[in-house]
1. Just wondering, is there one or more residues in the range 21-42 that are crowded, with 23+ Cβ neighbours inside 10 Å, in a strand (DSSP E or B), more than 14 Å from the chain's Cα centre (by Cα) and modelled with pLDDT under 95?
2. Looking at 269, 311, 265 in this structure, which one is touching a residue at least 40 places away in the same chain (Cβ under 8 Å), closer than 24 Å to residue 431 by Cβ and surrounded by fewer than 17 Cβ atoms within 10 Å (Cβ to Cβ)?
3. Assess whether residue 260 counts as being modelled with pLDDT under 90 and surrounded by fewer than 16 Cβ atoms within 10 Å (Cβ to Cβ).
4. Within the range 382-407, take every residue that is out of contact with any helix residue (DSSP H, G or I) (no Cβ under 7 Å at 6 or more places or on another chain) and part of a loop (DSSP other than H, G, I, E, B) and give me the one that is modelled with the lowest pLDDT.
5. Can you find a residue that is assigned by TED's automatic domain parsing to the domain that holds residue 54, assigned to a loop (DSSP other than H, G, I, E, B) and under 24 Å from residue 171 (Cβ atoms) anywhere in the range 103-115?
6. Report whether or not residue 295 is buried (at least 18 other Cβ atoms within 10 Å of the Cβ) and either modelled with pLDDT of 95 or more or not assigned by TED's automatic domain parsing to the domain that holds residue 33 (or both).
7. Report yes if residue 195 is under 21 Å from residue 62 (Cα atoms) and crowded, with 19+ Cβ neighbours inside 10 Å, otherwise no.
8. Counting only residues that are within 21 Å of the chain's Cα centre (by Cα) and at pLDDT 95 or above, how many does the range 218-234 have?
């Protein structure tokens, strides 16, 4: 007879090399996957050690993966050497188990699948991760269910962000055969708590080594804490959409739905300052990129006012796009960044391209305006960028930020209300910080 106490239930381990299908942040995203739309969020901040809690209900359906996990998103070009991840996952093909995994540098991973007396797809369940320098523990409904102290745990040494996502993959040995008829589905999160690692001075968790830092009960969306700008591929099937992230009745809902049928696009303004060039009257500057097959003369830029700033606006699909500027095609002058420079969009590869990210929640994207063949900023293509230049000194600086902060909370006749909603709030702070240091030229 099966016992309903988790600590008495049998589990098993898998030691396997893995390629992270969910998050290969060092690789550019160029295309949209067309089998399903998924939802994903992550914290802006990364945390080194701590206790991480959520109450969630996962999604049923073969091929579907629900998750709450930690990941070193900010490893830049150091993947796989700094690959770190700690997972809680539920696969929709298994109705009475939860999967716990650690991923380590150079693609090693350790997984334990723990049987449960409940179906995680049918009820809200409390889960927790405790991460210390030499141990990772997992809890279900407040009860410790497993701990990892294997040889790879000390390699989990980099700050990680908190992630939640819902996606699909066809892997017969893991998630089972992908079943599109399982859509739509929703994973629900009632809250998330983060406890700082405070050994010897805490008041929570194992050994009282943790102290509550914050809790989000999802009464509203907090853009200062959470980022949903993950519009791109996940695994081979789904594309993350901000439309699949919602706050409903005090819960965070992530949805998996049939694809919308039309790949979303956004207007993207690209441009370059060519004032350093001695151009002839018949010269034309083109943009070539992955969005046009690197065509040398498909998309011409214009300089109608003769200010040497050449621009064009294209409708581009969500994701990341890389490009270079050319005078009269590939046989002429080329504007591109230096390898590994601050504007080399993907310094982890061997190519030297400018680039831009197109997110679903952005209505119009303006790429950085660089001086020809450099990373120097020669102005701003966004006509509203100087809306935050409150002191009229042609740049967004400290005094502008202080003026906005001085009106923080204002709800009547606000002079620093950047988003026009009648109040000066966190969205306005994030807006001005996004253009801080930029010139108004």
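1. Yes, the range 21-42 contains at least one residue that is crowded, with 23+ Cβ neighbours inside 10 Å, in a strand (DSSP E or B), more than 14 Å from the chain's Cα centre (by Cα) and modelled with pLDDT under 95.
2. 265
3. Considered against the rule, which asks whether it is modelled with pLDDT under 90 and surrounded by fewer than 16 Cβ atoms within 10 Å (Cβ to Cβ), residue 260 comes out as yes.
4. Filtering the range 382-407 for residues that are out of contact with any helix residue (DSSP H, G or I) (no Cβ under 7 Å at 6 or more places or on another chain) and part of a loop (DSSP other than H, G, I, E, B), the one modelled with the lowest pLDDT comes out as 394.
5. In the first step, residues of the range 103-115 are kept if they are assigned by TED's automatic domain parsing to the domain that holds residue 54; the result is 103-115.
Now narrow it down to the ones that are assigned to a loop (DSSP other than H, G, I, E, B): 104.
From what is left, the residues that are under 24 Å from residue 171 (Cβ atoms) are 104.
Yes: the range 103-115 contains one or more residues that are assigned by TED's automatic domain parsing to the domain that holds residue 54, assigned to a loop (DSSP other than H, G, I, E, B) and under 24 Å from residue 171 (Cβ atoms).
6. Taking the combined requirement at face value, the residue does not satisfy it.
7. no
8. Here is the first cut: in the range 218-234, the residues within 21 Å of the chain's Cα centre (by Cα) are 218, 220-234.
Within this subset, residues satisfying the condition of being at pLDDT 95 or above are 218, 220-222, 225-226.
Selection size over the range 218-234: 6.
The values are calculated or read from the model by the stated rules, or taken from the named source; none is laboratory data. Quantities reported herein were computed from a predicted structural model and do not represent experimental measurements. Every residue, glycine as well, gets a Cβ built from its backbone with ideal geometry; the counts of neighbours run over all protein chains shown.
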